[in-house]
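The values are calculated or read from the model by the stated rules, or taken from the named source; none is laboratory data. Note that the structure is a prediction, hence the values are computed from the model and not measured. Note that each Cβ is placed from the backbone with ideal geometry, even for glycine, and that neighbours are counted across all protein chains shown.
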Amino acid sequence: MALDWRTVFMMLPKRRFSAAELQRAIPDPPSLSLKVAVAINVIVPVVGFTWAFGGAHRLAFGAVLLLIMLVVVAALALAWRDPGHRIAHGAYVTLPLALGLGAGIAAKVVPGLKTTEVVAIALIAGGASLALWFAIVYRHKYVEMRLAELDERERRVDMARQLAQAQIQPHFLFNSLASLQHWVRTRDERAAPLLDALTGFLRATLPLFDRPMLRVVDEAQAAREYLAVMQLRLGDRLAWSVAIDEGDAAQALLPPGLLLTLVENAIEHGVQRTLAGAEVRVSAQVHAGRLCLAVHDTGPGPARASADGVGLSNARARLAQAFGDAATLTVQGPPAGGCVARIECPVLLSLP
Amino acid sequence: MNTPTVLIADDEEAPRAQLLAALRRVWPEARVVAECVNGVDAWDAFLEHEPQVALLDIRMPGLTGIEVAQRIAGRAAVVFVTAFGDHALAAFDAGAVDYVMKPVDPDRLAQAVERLRPRLVQGAALAPEGLQALLSQLAGLSGKRALLDVIQAGVGKEVRLIRTDEVIYFEADSRYTRVVHEGGEALIRTPLKELLAQLDETRFWQVHRSVIVNQRWIAAAVRVDEGQMHLTLRGRDDKLPVSRHFQTQFKGQ
């Protein structure tokens, strides 16, 4: 394993941040309180050290101290704004070296320089180094965590937006309305059941957005209404059944919209693409302590080497968010034909 | 003036009926020659009736509306009928493609009809330029269809498996499709128009409403007289007719 000399010598984090990342993580300049605190921490030691240790050239000594402090503060300010900045990291190493060396040389060259003055400068050098190291490490960690937090928040917002899109497919809605409109106008008796099913579907789906988890039995109800709408639209091209085992299988919690996404996929890829139509069977059972949800269609089967669509990859992400590695979502074409989409996950009966 | 002929296609009953009703209202002089329930029907009906206008739903089983329009290749004016949220809409807005949204608004349909009317005059181009390129781009977006590898043909008590590679040609034969292959012949129940959607179109060329041929076996296209052409096959005596629509794919380089 190669030694990382930066870590060996400097014990500083390696990651550098881009300007955009810094802007995102630290949008505001340092607060006034912080500036005042820094000012006090500069003035008090300078005045104190000058008064306590100053010798013959007390004023010059004070001025040198102040100058050193200002350089340290500049480096601190830089580290605060960009904890990955090269110059800030460099200052953490070079400042104490330069100050130590400077103090050593001054002790030999400047006549009448007191030992206490040299020690005071060495102390300040050590203190400055420590302060810089602390500022860089602390601030670096802060920016890293803040960025991760913002990423996570954006991912959640994104997911919620995708969920909203996944739930109300405009294509589905307008196609259903097209049928409804025609049947109302022609006084077809299918208009009333279609309106009922569509209303039921919207009533069951709209609250999905506000809930983190939904019981299988509620989600299955949304799927039933959806299938009822499609049944009216597609006529004998669609046959369907929903069989949810009573007990834990019905009461188990799932991220909302998962089952519905699988059913929509079965309709879109299994039934609507088949000339003769197909059958969709939905089932939920508990097997060996795990919830097994399956959506089976007798359509053409999954296309070879096909990538997940938006709905499916979104469903996978939501499943992983809720259960981590404990849940799986598989889509397979069994030898007998058709397509089976299966979710297996732990049986979760209440939110922790 | 001759009566404009129209084909409409939608896989759902109600939108199809609604489109038909709206069309009758806004364009009473047009004659609807075919009402199709899927893409393969639409393409077959186009070959049969040769309408001047095709109103096509986009999402249909068999062939999508886009794929049907691609095959029509400018020989009819195409208007797409689709619901909001279709991926193709953005491309349509940018291109010269006409479309109406479902539920169909009669005023909007009348506008589309008004726009295509001048194109129906003898000799005018039925499709705007660049349409084919746009359609092939859109057809690619909707993903690859599942292709048939093996054909299962019942012969007496056995079911024979014929690899599509070994098929020489398919021919529609009243209620059956005749499969002529390297090892003989068989009859299957799947109609030719449905087979068409499951074959690789770069290898299997449709040359007639009732004939699809494996291009590997074509020896020559022979022009008999004005408007008539047939294909001769390698090492076989069969002659296959090429109907007018498909003759353009045989042109010397």
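Residues checked against (1) away from every other protein chain (no Cβ under 14 Å); (2) touching a residue at least 24 places away in the same chain (Cβ under 8 Å); (3) under 15 Å from B:Pro103 (Cβ atoms):
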position	(1), (2), (3)
A:His182	no, no, yes
A:Ala191	no, no, yes
A:Thr199	yes, no, no
A:Pro212	yes, yes, no
A:Arg215	yes, yes, no
A:Met230	no, yes, no
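Residues that are more than 36 Å from the chain's Cα centre (by Cα) and more than 14 Å from chain B (Cβ to nearest Cβ) within segment A:258-282 comprise just one, A:Glu279. Close Cβ contacts (under 9 Å, 6 or more residues apart or on different chains) running from residues in segment B:227-253 that are surrounded by 11 or more Cβ atoms within 10 Å (Cβ to Cβ) to residues that are in a helix (DSSP H, G or I) and among the basic types (Lys, Arg) comprise B:Gln228/B:Arg244; B:Met229/B:Arg244. The numbered conditions (1) of a type in the set (S, T, N, Q); (2) within 11 Å of chain B (Cβ to nearest Cβ); (3) surrounded by fewer than 20 Cβ atoms within 10 Å (Cβ to Cβ) are all true for A:Gln285 except (2).
Scanning segment A:169-180 for residues that are facing chain B (nearest Cβ under 7 Å) and touching a residue at least 60 places away in the same chain (Cβ under 8 Å) returns a single hit, A:Gln169.
Only one entry of A:Gly104, A:Gly55, A:Gly48 meets the criterion of being touching a residue at least 40 places away in the same chain (Cβ under 8 Å) and of a type outside the set (D, E, K, R), and that entry is A:Gly55.
For segment B:94-121, name all the residues that are modelled with pLDDT of 70 or more and assigned to a loop (DSSP other than H, G, I, E, B). If you could, list the steps in order and put the result at the bottom.
Taking segment B:94-121 first, the residues modelled with pLDDT of 70 or more are B:97-121.
B:Val97, B:Pro103, B:Val104, B:Asp105, B:Val121 - these are the residues of segment B:94-121 that are modelled with pLDDT of 70 or more and assigned to a loop (DSSP other than H, G, I, E, B).
Considering only residues in segment B:141-158 that are away from chain A (no Cβ under 14 Å) and surrounded by 10 or more Cβ atoms within 10 Å (Cβ to Cβ), the one that is modelled with the lowest pLDDT turns out to be B:Val155.
Looking across segment B:169-181, the residues that are surrounded by 20 or more Cβ atoms within 10 Å (Cβ to Cβ) and within 22 Å of the chain's Cα centre (by Cα) come down to B:Tyr169, B:Phe170, B:Thr177, B:Val179. Checked against the criterion of being exposed (fewer than 12 other Cβ atoms within 10 Å of the Cβ) and either among the aliphatic types (A, V, I, L, M) or in contact with a His (Cβ under 7 Å, 6 or more places away or on another chain) (or both), the candidates A:Ala75, A:Ala52, A:Ala25, A:Ala56 yield just one match: A:Ala52.
Of all the residues that make up segment B:1-50, how many are polar (S, T, N, Q) and closer than 30 Å to A:Val229 by Cα? Steps first, please.
Filtering segment B:1-50 for residues polar (S, T, N, Q) gives B:2-3, B:5, B:18, B:38.
With closer than 30 Å to A:Val229 by Cα added as a condition, the list becomes B:18, B:38.
Looking only at that region, the number is 2.
Taking residues in segment A:291-303 that are closer than 11 Å to A:Ile244 by Cα and within 13 Å of chain B (Cβ to nearest Cβ), and partners anywhere that are outside any loop (DSSP other than H, G, I, E, B) and of a type in the set (S, T, N, Q), not one pair has Cβ atoms closer than 8 Å while being at least 6 places apart or on different chains. The set of residues in segment B:1-21 being out of contact with any strand residue (DSSP E or B) (no Cβ under 9 Å at 6 or more places or on another chain) and under 20 Å from A:Leu180 (Cα atoms) consists of B:Glu13, B:Ala14, B:Ala21.
Close contacts from segment A:7-33, counting a first residue that is under 16 Å from A:Ala135 (Cα atoms) and a second that is of a type in the set (Lys, Arg) and at pLDDT below 85, with Cβ to Cβ under 9 Å and a gap of 6+ residues or different chains, come to A:Leu12/A:Arg6; A:Lys14/A:Arg6.
Across segment A:254-295, the number of residues qualifying as of a type in the set (Asp, Glu) and part of a strand (DSSP E or B) comes to 1. Across segment B:23-47, the number of residues qualifying as among the acidic types (Asp, Glu) and closer than 14 Å to B:Leu196 by Cβ comes to 2.
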